[in-house]
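These notes concern the structure reproduced below.
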Amino acid sequence: MKEFSGTVLERRRIEDSPAVILDQTAFYPDSGGQPCDTGMLNDATVSKVLEDESGAILHVLDREIPVGAAIGKIDWQRRFDHMQQHTGQHILSQAFIATARAQTLSFHMGAELSTIDIDLAQPSMGQMEAAQALATQVVFQNRAVHILATDRDSLNSLGIRKESHREGEIRVIDVEEFDRSACGGTHVRSTGEIGIIFISGFERYKGGTRVEFAAGGRGLTLLQKDHDLLRQLAQIYSAAPEKLPELTEKLLQERATLSRENELLQERLLEGESQDLLRDAQRTGNRLIICRTFSNRKLENIKVLAQKLAATPGVVAILGVADACQIVLARSKDLTGNCGEAIKKAAAELGGKGGGRPELAQAGGFSPDSLDRWMRALEHYFQA
């Protein structure tokens, strides 16, 4: 049913939006893990549908409509999508029972993907593939989906998948000769209308397993996106899609090798740079104080350089990074003075923040025009 006639019986307000109650409605409210229908009531847009504590169905609108006759139109694209996801969930839940003896604990229908939480402590890809294969078989068999009505006393005799605690008349969705489950949601008329059920991922969750899936049009959209991505990657690497894992592994190994070689080269360059700085430094008393400012250098790079300088006895290294407003301070183990203390003292006088150990510290967060004063303050600390 995509369109229906009804009568507006009552008008209310829901969070500053108008809402109405009808004498009858085809709009499905938020319930059982399934989002509500949307659509139109006369010329008003139905943005949300809720069920209150009394069981009344509230249609939240974007504008007021009067009490009296009304024509309702369901957003059929949204409704049919929800039908595909919900019946797909019933089939997938029964498939997990049949292939892994894993009951469904909860179901959530999201905007793009849906999830079921199942009581499966040690999930595997093989179990996912088996459940998906069985669910797909049921879809391709185009089994009829029946709606049964029963009461609590007769419910168990129907062989339902999960016990229901509802009272009164209970609605049961019967996927012919495969699954029966108490449910008030919207469903397809036959499993073939679902098209596909695709498991997109799974993870351990709260002692069980959370399974992500998409059915129907959503599944097709998801697979199309994945296919487009594979095609783009294949074009970038000039390789067939099935070769991408092997090629990626090869590229990662080459990258790791280049990274190790780069680290060795950086180490050699810093060693040479430290020797040049030591050779050009002027001795002050019993120590060499090396003050240098750099640009476009990473702090970690400068820190390694400072430590190499301080590995030589009698050296204090004060190295600044001008564009980043950062300073690294290091001293040799044979010298006195506390680098962390010196940094904190300078920060208190000149602004910024920092700290560290007696032999290595760093600072930052000060203004660019105070870098020279920072350098002089630290130099003065170790000259005193």
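The values are calculated or read from the model by the stated rules, or taken from the named source; none is laboratory data. It should be emphasised that the depicted structure is a prediction, and the values quoted were computed from it without experimental measurement. Reconstructed Cβ throughout: ideal geometry from the backbone, glycine too, with neighbour counts over all protein chains shown. Protein only, heavy atoms only, side chains kept; ligands, DNA and RNA dropped before computing areas. Shrake-Rupley method; radii C 1.70, N 1.55, O 1.52, S 1.80 Å.
Just one of (1) more than 14 Å from Glu212 (Cβ to Cβ); (2) open to solvent by 20 Å² or more (accessible area, probe 1.4 Å) fails for Ile91. It is (2). The strands (runs of 3 or more DSSP E) located wholly in region 120-221 that include 3 or more residues which are open to solvent by less than 20 Å² (accessible area, probe 1.4 Å) and not small (Gly, Ala, Ser) occupy 170-175, 208-215. Here Leu270 meets each of (1) over 26 Å from Phe366 (Cα atoms); (2) in contact with a helix residue (DSSP H, G or I) (Cβ under 9 Å, 6 or more places away or on another chain); (3) among the hydrophobic types (A, V, I, L, M, F, W, C); (4) open to solvent by 40 Å² or more (accessible area, probe 1.4 Å) with one exception, condition (4). Sub-6 Å Cβ pairs linking a first residue in region 73-95 that is without any contact (Cβ under 8 Å) to a residue 60 or more places away in the chain to a second residue that is assigned to a helix (DSSP H, G or I), at least 6 apart or interchain, are Ala95/Ala131; Ala95/Leu134; Ala95/Ala135, ordered by first then second residue. Scanning region 16-44 for residues that are over 17 Å from Ile71 (Cβ atoms), in contact (Cβ under 8 Å) with a residue 40 or more places away in the chain and part of a loop (DSSP other than H, G, I, E, B) gives Tyr28, Gly32, Gly33, Pro35. Taken over region 96-119, residues that are more than 19 Å from Gly195 (Cβ to Cβ), open to solvent by less than 40 Å² (accessible area, probe 1.4 Å) and within 24 Å of the chain's Cα centre (by Cα) amount to 5. Scanning region 45-71 for residues that are under 22 Å from Gly185 (Cα atoms), assigned to a strand (DSSP E or B) and open to solvent by 80 Å² or more (accessible area, probe 1.4 Å) returns Lys48, Glu51.
Matching residues to (1) closer than 29 Å to Ala131 by Cβ; (2) exposed (fewer than 10 other Cβ atoms within 10 Å of the Cβ); (3) under 28 Å from the mean Cα position of the chain (by Cα):
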residue	(1), (2), (3)
Tyr237	no, no, yes
Ala240	no, no, no
Pro245	yes, yes, yes
Leu251	no, no, yes
Ala256	no, no, yes
